[in-house]
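Computed from the coordinates by the stated procedures, all read-outs in this text should not be read as laboratory data. Just so we're clear, the structure is a prediction, and the values are computed from it rather than from any experiment.
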Amino acid sequence: MATYSIQRGTEGFSALFRVCDAQGVSVGSCDQFLTELSQRDCSAYTQRAYAIGLAHFFNWLDRTGVDSDRVTRQIVGSYISEFARSSRQSAITSDGAPKARQPRTINHRISVLSSYFDYCIRCDTEDGRGPWNGRVNPASGNPLADAPRHGMMGRDLPQHRPHRDGFRRRVPRVVPQRLDPSAIQRLIETASSWRDKAILTLLSRTGQRIGNWSTLAGRHGVLGMTLDDIDRGRHSITVRLKGARDEHRVPVSDDFWPLLDNYLSAERRAPSDLAALWTAARKGQGKPLSYAAFESSLRYIARKAGVAVHPHLFRHTFAQGVLDTTGNIKVAQEILGHAHLSTTADLYMRVDQHAMVTALAAVKTDAERSMAQRTWPTRKAAQYAFDYDEQTIAELEQTIEQASGLKSADEED
């Protein structure tokens, strides 16, 4: 049974979340660290992710009998190894074994620990006392003065890291999967509610994140939309971006609006003061639709349609479609809402196997056509440095003969 868990920050407490033990007593160093994240205006999702990571780490320390003030690099290494091997109990492979965590998840947890210990070392060093005064960060292996600094507290990775610290995993570069247009249409047709049809259409036509509506971490993405985020006059919607909390306006195709009207008139049952656009049915009727509820509905639709899909796959498909159609990465960046062009390029400016095979076939065809059309030089032409035609060669030889005759006449004289 887990000893440490996260709780919502109490009134008068700066941080949105706290790491507490079984008696509800919070961990002081975690409170201070999470408070600094809040003061630095990190998003609620970032604060929650860091609180979850710290609670998991403190549970592991409690289970293994290690004092949190005596953590060493070897202890962090043991934790990361165990963390990498075992995922959630519900995530298992086909043979029943626990599914290993992805490299990005492992690296994020290392960033959580590195930021936390860096904070502890900095505070104790400034005070000139405390268990972390002058120590080396056990998660990064760097002393405080030489540790790579985050551009913003709470970001997943430092802006610059001169060498790998030994714990981080290499993230494989893979081509994002895509959905066939016929599969997307089959999913929309299979959905039994106007709400799900409208959401699936919105995901496939705009490429926005599915997001969530959470009382703990706020709202973002499609599920975080309110009634006021619909702009019929401009045929567009407004979504809140994850993390940065900026609002992002995107145009929507005409086939979405009839589905939305049917949902609003026939299915949306909610109190008049509820701002959420999408509401749950059955058990959560009248409440904002959460990611967990929509994902469960999507799994049911996918089984009926015979399509393997997850919500983010619509975003990958749309992004690659924009690049294939326009070839303009800046357009794709603006639609997707990426803060940096490099993010869009790193994810989608890659070639897949089909594109490489097509390119090789085109080169081979052009080479064969060129070979067939090429006129090879005669044996006589091969004596010259340039690929002269027969007429030019005849004129050159005639000029040489005339010059030789003139030379012979001069010698006789």
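What pairs in Lys287/Lys330; Lys197/Lys283; Lys99/Lys197 have C-alpha atoms more than 30 Å from each other?
Values: Lys287/Lys330 37 Å; Lys197/Lys283 20 Å; Lys99/Lys197 32 Å.
From Lys287/Lys330; Lys197/Lys283; Lys99/Lys197, over 30 Å: Lys287/Lys330; Lys99/Lys197.
Just the Kirkwood number for the range 213-328, please: inverse of mean 1/r across all distinct Cα pairs, in Å, one decimal. Provide the component values of the computation, followed by the final result.
Working: mean 1/r = 0.0629 Å⁻¹.
Kirkwood hydrodynamic radius for the range 213-328: 15.9 Å.
Relative to 2.2 N^0.38 Å, what does the C-alpha radius of gyration of the range 280-324 come to as a ratio? Two decimals please. Each step should come with its number before you reach the end.
Working: Rg = 13.5 Å, N = 45, 2.2 N^0.38 = 9.3 Å.
So the range 280-324 has a normalised radius of gyration of 1.45.
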